[in-house]
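Undergrad: Below is the structure I would like to discuss, written out as structure tokens.
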Amino acid sequence: MNRTIRARIHESAVRRVTRIYAATLADIFAETLQNSRRADAARVRISVSAPTCDPADNTQGAGETPLTVTVSDDGAGIADPAVLLSFGENGWDHDLVRREDAAGFGFASLARRNCTVSSRPRSPDGEMAPGWRVQLEPAHFLGEAEAEVRADDAAPYPWGTAISFEATEAAAAIRSAAENAARHFPLPVVFEDRTDGDSAAEDLPRRAFLDGAVHAEPWRGLVFGVFKSRHDGYNDPDLNFFGLTLPVRLPTVETVHGPAWSVLADVDDCPGLELVLPARKEAVENAFLKEMRAAARLAIYRAMAADSDPRPAFEDRERAREAGIHIAPPPAVLRPWRPSVADCNHWREPPKLAEAGHDALVVVCDPEPPEAQALWRAAQRAGLASRLFDADRRLEGYGWYGALDRVTDMTVRVAAEGKWMVLDAYPLPGTSRSPAAPLPSRPAAIRFELSVRPASGPARTLDVPADLVFAGEAWSWIEEAMPLVTEDSALQPHQLADFLAAGFFSPSDDADSDSWETQRERFDEAALHLATRLLLSDDEACKTSIAEAVRRELVWLAPRDRTVDIRIRRPDVTVTLGA
């Protein structure tokens, strides 16, 4: 059997109208202001007043009496009150519906609040038309009751619409919501707070959505504004629909060692843009939106092309070139390489950019913090540190960057008992690779073998002598760090303790852990003990640890003008105060 079907709206959908909107102040102000603008209003007024009710009427609980918010305009008014409860229908002309996709659902934002609408339509012949008034409750929006429309001589004069509704929010919250709605709205919005008897009205502040843009250009009914060094928050609005702002995820272009470029879009007359109805809080993912993002990126490229120092990534410069836009390449400078640290919360000022000479080495491998710290000391001692630079994938494709040699890998070798061996195979006490007679922690020599890949030709190995390396696993405890220091090294205990902290200290954020300061303090004590024991002797390490404990716990107890001698012979402690 053949049959046809047609889309329709079931009456049960009306019973869910109160759930179309969240009924927040933001929703209500956004929708009422949009309707005022479409009605050709010149100004919108938002007033807040205390309810005028009989004191004997105690239907509201203590402290729950709502305020009355009224949004009024001098627009064309509403000719047919029935359109208020006819969802999906509106009184706008076809051209406006085409340009803005007016859906006829906005008034439902008031469905969960008691409201009153008073309107006087603009008469085509110039005569003053009669005004009308209707009070609406949720039952009217749900189709459970009929609303009575009455004549209203007090309706806006000579024409316009006033919508009053109940608000349980504080007056300050209402004002804040009104300010947000008016910030990028194209019409002036007047706010009047009558709750304390002072009815002074003021214009709410407004600002052009593209204010501060360094470049602007039209595109298919939109205007793109390009910004340099604009700091965005997560999911910040980047599209302005006549005062209603929303995120559509327009592109941001990161530069090489320079500011980020971003773009905002202001709607002018853009029928191709589709927003998710009814609240218009996000855009429909369609072909137009994809084209819009591509066009926004090209707008950024054009703004960068006009900048004196754009510093584009190679990929962005190529995409711009394919679109016929020429952007100057970045200078041949790189960020000098610095070793990583184990503390992920550690912040340090990055080194200043430096010119990458012909002998520069780009470190493309990523050594763990202990290995990186040891390499840094070796590079400084060998006069190699100034040649090491951070890799930057954004520069891949530029000729000058491709011509630089790369450090692709590194191997550490340790000399002991007359032979060289890879660090991973070096036998140490207390490890699974330890023989009956383990090798010492003070080897004869250490070297880094850097694998260097030039732009052309065979790879080579660069030997860098060292006096320090760590045999322990990265991200382990201080007791497992296992530093190796050559016999002839001039490294001092405090220096080694600093390298241990940089390579291994990683604070715990568990609930039962102590503060960062206390964890670091305990680590530094253990690191100094380990360093002193390795470089000097067990006795020196013991004395150093005791002295550090006294400085931390006892010095503040000692009188400033007297000596204090402490003699410990466990379990006894004797204290003598000097004269």
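Undergrad: Return only the number of the condition from (1) farther than 26 Å from residue 483 by Cα; (2) in contact with a Ser or Thr (Cβ under 9 Å, 6 or more places away or on another chain) that residue 554 does not satisfy.
TA: If we test residue 554 against (1) farther than 26 Å from residue 483 by Cα; (2) in contact with a Ser or Thr (Cβ under 9 Å, 6 or more places away or on another chain), just (2) comes out false.
Undergrad: Among the residues of region 342-386, which ones are more than 23 Å from residue 445 (Cβ to Cβ), aliphatic (A, V, I, L, M) and in contact with a Pro (Cβ under 9 Å, 6 or more places away or on another chain)?
TA: If the condition is that a residue be more than 23 Å from residue 445 (Cβ to Cβ), aliphatic (A, V, I, L, M) and in contact with a Pro (Cβ under 9 Å, 6 or more places away or on another chain), then 342, 353, 354 are the ones that fit.
Undergrad: For residue 508, all conditions in the list (1) in a loop (DSSP other than H, G, I, E, B); (2) within 30 Å of residue 467 (Cβ to Cβ) hold save one; what is the number of the exception?
TA: (2) is the only condition that residue 508 fails.
Undergrad: Residue by residue through region 338-369, note down the ones that are of a type in the set (Asp, Glu), farther than 21 Å from residue 406 by Cα and touching a residue at least 40 places away in the same chain (Cβ under 8 Å). Full working, then the answer.
TA: The initial filter retains those residues of region 338-369 that are of a type in the set (Asp, Glu), namely 343, 349, 355, 359, 366, 368.
After this cut, where a residue has to be farther than 21 Å from residue 406 by Cα as well, the list is 343, 349.
Matches in region 338-369: 343 only.
Undergrad: Considering only residues that are surrounded by fewer than 11 Cβ atoms within 10 Å (Cβ to Cβ) and outside any loop (DSSP other than H, G, I, E, B), which ones fall in region 339-357?
TA: 355
Undergrad: Given 218, 205, 237, which one is assigned to a loop (DSSP other than H, G, I, E, B) and touching a residue at least 12 places away in the same chain (Cβ under 8 Å)?
TA: 205
Undergrad: Output the residue which, of all residues in region 160-187 that are part of a loop (DSSP other than H, G, I, E, B) and either acidic (Asp, Glu) or surrounded by 21 or more Cβ atoms within 10 Å (Cβ to Cβ) (or both), is modelled with the lowest pLDDT.
TA: In the first step, residues of region 160-187 are kept if they are part of a loop (DSSP other than H, G, I, E, B); the result is 168-170, 183-187.
Next, from what is left, pick out any that are either acidic (Asp, Glu) or surrounded by 21 or more Cβ atoms within 10 Å (Cβ to Cβ) (or both): 169, 185.
Working: 169: 92, 185: 95.
Of everything passing the filter in region 160-187, 169 is modelled with the lowest pLDDT.
The values are calculated or read from the model by the stated rules, or taken from the named source; none is laboratory data. Since this is a predicted model, take the numbers as computed values, not measurements. A quick note on method: Cβ atoms are made from the backbone with ideal geometry, for glycine too, and the neighbour counts reach across all protein chains shown.
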